[in-house]
Amino acid sequence: MLTPDFPLRTERLDLRPFQPSDLADLHAYFADPAVHRYLYSEAPTDLDGSRAVLVRRQERTALRAKGDVIQLAAVDRRTGRLVGDVVLIWTSPEHRQGEIGYLLHPDHRGHGYATEAAAAMLALGFDQLDLHRITGRLDARNTASARVLERLGMRREAHLRENEFVKGEWADEVIYAQLAWEWRARRTAGEPGAPGRVDRTGAPIET
Ligand SMILES: CC(C)(COP(=O)(O)OP(=O)(O)OC[C@H]1O[C@@H](n2cnc3c(N)ncnc32)[C@H](O)[C@@H]1OP(=O)(O)O)[C@@H](O)C(=O)NCCC(=O)NCCS
């Protein structure tokens, strides 16, 4: 079970629960169909649709059981602007597995905010929930998302060919993952990437 203290602070961001005053900012990016191009979701067609999305996000603040979600607003501390959101899903308490996801307002891409926020979700999952493995899943055409996971040092574990029929077409799915010991070893080494350069005890691997 995980009921974190908010906000979570990263170098540039406050990650905090969504609140009613976020409606206009959430609508500004979530109602953009281009944002959903490689997602299962569809853009809401009006403000009421975004309000319903916001209400669901406001409730996602703790992990108590399988399938629960923490979904946080990522706010640039310098400007106070909502730049996007980030998510941690407790996919399996039994196997200590989780999944991360992220979404940015198009105006706020290209600054590393998704990577920074997702790194905080990995820390939450591994350090506070004691997860063993965290995954990231994406449409294989979503190269910007793949780069986020690679910057986090996650391993590309699988490329599933046409395993899902999404928005009228067969789509490939790619799965990335990181294990707790990989996360800790990378952090000890002070490197954001380079999984595989240490073994599961954290000892360096000779090459
Ligand atoms: C996926 C998504 C969040 C990626 O956004 P992004 O801005 O590329 O990701 P980041 O915020 O981590 O920024 C990384 C980019 O900023 C650059 N950058 C600039 N300053 C940086 C910094 N301080 N730290 C890290 N990267 C920085 C990086 O070089 C990188 O650019 P590149 O990929 O061209 O090399 C965005 O495309 C999106 O919201 N897509 C729609 C929703 C979606 O598909 N979500 C994923 C579902 S699986």
Tell me which residues, restricted to segment 13-54, are surrounded by 15 or more Cβ atoms within 10 Å (Cβ to Cβ), part of a loop (DSSP other than H, G, I, E, B) and out of contact with any His (no Cβ under 8 Å at 6 or more places or on another chain). 18, 31, 38, 39
Which of the residues belonging to segment 126-138 are more than 7 Å from the ligand (Cβ to nearest atom) and not in a helix (DSSP H, G or I)? 129, 130, 131, 132, 133, 134, 135
Taking the condition within 22 Å of residue 136 (Cα to Cα) and not aliphatic (A, V, I, L, M), does residue 41 pass? yes
Scanning segment 143-157 for residues that are in contact with a Lys or Arg (Cβ under 9 Å, 6 or more places away or on another chain) and open to solvent by 30 Å² or more (accessible area, probe 1.4 Å), which turns out nearest to the ligand (Cβ to nearest atom)? 144
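The values are calculated or read from the model by the stated rules, or taken from the named source; none is laboratory data. Predicted model only: the values in this text are computed from it and were never measured. A quick note on method: Cβ atoms are made from the backbone with ideal geometry, for glycine too, and the neighbour counts reach across all protein chains shown. Side chains included, ligands, DNA and RNA excluded: accessible areas come from the protein's heavy atoms. Shrake-Rupley method; radii C 1.70, N 1.55, O 1.52, S 1.80 Å.
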